[in-house]
Structures are given as C-alpha cells and as structure tokens.
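Single-structure report; data block below.
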Amino acid sequence: MSMSEPRLRTLLRQAEKAKSAGKRAAAAQLYREIVDEAPEVAEAWLGLGEVTHDEAERQHAFEQALALEPGNAVAQAAVAGEPLPQAVVTADEEMERETAVAAAKPLAQLYVEASSPAQVEEDHLLYCYRHPERETSLRCYNCNRPICINCANKTPVGYICPECRHNLEEKFFTASTVDYVLAIVVSFILSLLAGFVVVRFGGGFLWVLIVLFVAGAVGGFVAKITNRVIGGRRGRYIPHLVAAMVILGVVIPALPLLVGILLGGVGALFGLLVPGIYAFVASSSAFYWMR
C-alpha cells in the first residue's frame, strides 16, 4: 500500500471494518473516497469491487486492482469471470447468507431488529441533516450527524459540518466591541491620510505606476498598525471593516472628481483611475493582512 497520509490509512481501516460488518453501502462510499484521492491503492480498488452492487463499477474496480497488482488472485478471477475465492462474498451469496441467518433467528429477535430505526439508519438510510432529500454515508466527526458532500468541510481528521466549523472558528475570534471600534477608527484615519496623498499629489502615467506598486504596502501598513492597536485579537468581520475603511479613505478625497463626473465633466474620469487602482490593491492587501 502506497498511502502515506494517516487519514487515508484510517479510511481504509474503516472501509474494511464496514465490509466485515456487512455494511456494503458504507464500505463502498469509503473505498470510492480513497480511490478518488489515491488511485494507486490497489487494496481500495479491490475492496470496492467486492462490495459494490454496480456491475460496471465492480468490473472497473477489479481491472484497476489487477493493473496495480498483476499477481492478485482475486482480481485475476474477477476480471476473467471466474468464481471468486471463498474469502470474497458476492452480492447473491451475501443475500443467501443473510436469509439463512434470518431463518435461524427467533421471530421476536427479527421483530426487534426490523423495527430498530437506528440500525436501519446506520446501515442504509442516512440523510444529510441540512438537506433531508440527499442520501449520504458521511458523518461530521464532531457532532456525528450525517452530512452530504456539499456540506462536508474536509479537515486533517475527517469531515466537519458547517455548524460545527462555525462554532470552532468562534473560539479563535476573541475581539470585543471595543476592538471593533478601535479597528474602524485607526484604519479610517490612516486610510484617509493615504487617500489624500493619492488623490492630491502627482498625476500622469508615472504616478499610476508608483501607486500601483506602493498601494499593497500601504494597505499592509494600515492593517499591521490596526492589528497592533487591538492587541492582535481576531474578529470575524474586522478584516472586512478595515478593507472598507481603506476604500472609504480614498473615496472621500475623490468626491470632487465624482461630482465633476456627475456634472458632465468627462475629463475627470481619468482622475479616478489612480484612486480606483489604489482602492482595489490597498483594500485587498489590508484584508489579507488582517485575516
């Protein structure tokens, strides 16, 4: 096995465990996830071929396993259409085995098992708690609720749902209301000073180049000073507010140009080129540094 990531090795163990427990749908989903990320893992292709109910997928999985391990007896038998070794249980054989086991059980025990919604959900009927119409075999590792692939956020230790991710992120956001106010005031003052310089001084193509190259540094400077003032505390919306202050800081000095355009002064359009470039580059830089 060439898998080096601990998460993939864990998935393979979970898939083998689900296969051994007879949970073919869950095992197939885990094997598919493994081969999507690590298509060179022969064990995953072989396991997928053993548990899937789709004949085309089964044949493809065994062919891939045989290509990776030409000496694998199970893959050779499956590709050649020969009976699988005894260790591999086909879908028909599994159904016969389950029927025989059910026939040997007392009627009362069968009734309890059939009426257990938890067991049914565990084996087959899992639906995303945010999208009840979507079947899934994934669960959030934090709250253990089923989630579909669109709701699953990948982490080094498994998949997490949006709600749990949001709750975990909140632990990192320690900024208070005072920090928000300080961030707005400090970034606005610095941005306003920089905005007046950009609008009032210089002009022409050379000034455009200068602003283009220094705007990122100015935005980063505003963000770093603001971050130092609030003690390095993080807020979910502080980066957005600082970026907005950078834009506002150049919009206010550029108001005469905007009024001139509204009054028909088409020539003022060129005067907005430099402030526009600065606002875009500096606000992007400030947002990046505040994250």
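The values are calculated or read from the model by the stated rules, or taken from the named source; none is laboratory data. Keep in mind that what you see is a predicted model, and the values were worked out from it rather than measured. Positions of Cβ are backbone-derived with ideal geometry, glycine not excepted, and every protein chain shown enters the neighbour counts.
Mind listing just one residue for me: the one in region 158-173 that is at pLDDT 90 or above and not in a helix (DSSP H, G or I) and, of those, surrounded by the most Cβ atoms within 10 Å (Cβ to Cβ)?
Looking at the filtered set, the residue picked out is CYS161.
Out of region 25-79, which residues are in a helix (DSSP H, G or I) and charged (D, E, K, R)?
ARG32, GLU33, ASP36, GLU37, GLU43, GLU50, GLU55, GLU57, ARG58, GLU63
Identify, from the list LEU182, LEU248, the residue that is in contact with a helix residue (DSSP H, G or I) (Cβ under 6 Å, 6 or more places away or on another chain) and modelled with pLDDT of 95 or more.
LEU182
Kindly indicate whether VAL229 is at pLDDT 90 or above and β-branched (Val, Ile, Thr).
yes
Examine region 80-90 for a residue that is modelled with pLDDT under 85 and in a helix (DSSP H, G or I), and state whether such a residue exists.
No, the conditions are met nowhere in region 80-90.
Which one of SER4, SER115, SER20 is among the hydroxyl-bearing types (Ser, Thr, Tyr), more than 29 Å from TYR159 (Cβ to Cβ) and either outside the structural domain of LYS154 (by TED's automatic domain parsing) or modelled with pLDDT of 50 or more (or both)?
SER115
Quick one: which helices (runs of 4 or more DSSP H) sit completely within region 174-274 and have at least 2 residues that are over 18 Å from SER284 (Cα atoms), touching a residue at least 40 places away in the same chain (Cβ under 8 Å) and within 32 Å of the chain's Cα centre (by Cα)?
177-200
Can you report the number of residues in region 146-173 which are in contact (Cβ under 8 Å) with a residue 40 or more places away in the chain, under 17 Å from GLN14 (Cα atoms) and either in contact with a strand residue (DSSP E or B) (Cβ under 9 Å, 6 or more places away or on another chain) or not hydrophobic (A, V, I, L, M, F, W, C) (or both)?
2
All but one of (1) aromatic (Phe, Trp, Tyr); (2) farther than 15 Å from LEU182 by Cβ; (3) surrounded by fewer than 20 Cβ atoms within 10 Å (Cβ to Cβ) hold for TYR237; state the number of the condition that does not hold.
Of everything listed in (1) aromatic (Phe, Trp, Tyr); (2) farther than 15 Å from LEU182 by Cβ; (3) surrounded by fewer than 20 Cβ atoms within 10 Å (Cβ to Cβ), TYR237 misses just condition (2).
Quick one: which residue in HIS131, HIS60 is under 31 Å from the mean Cα position of the chain (by Cα), assigned by TED's automatic domain parsing to the domain that holds CYS164 and at pLDDT 85 or above?
HIS131
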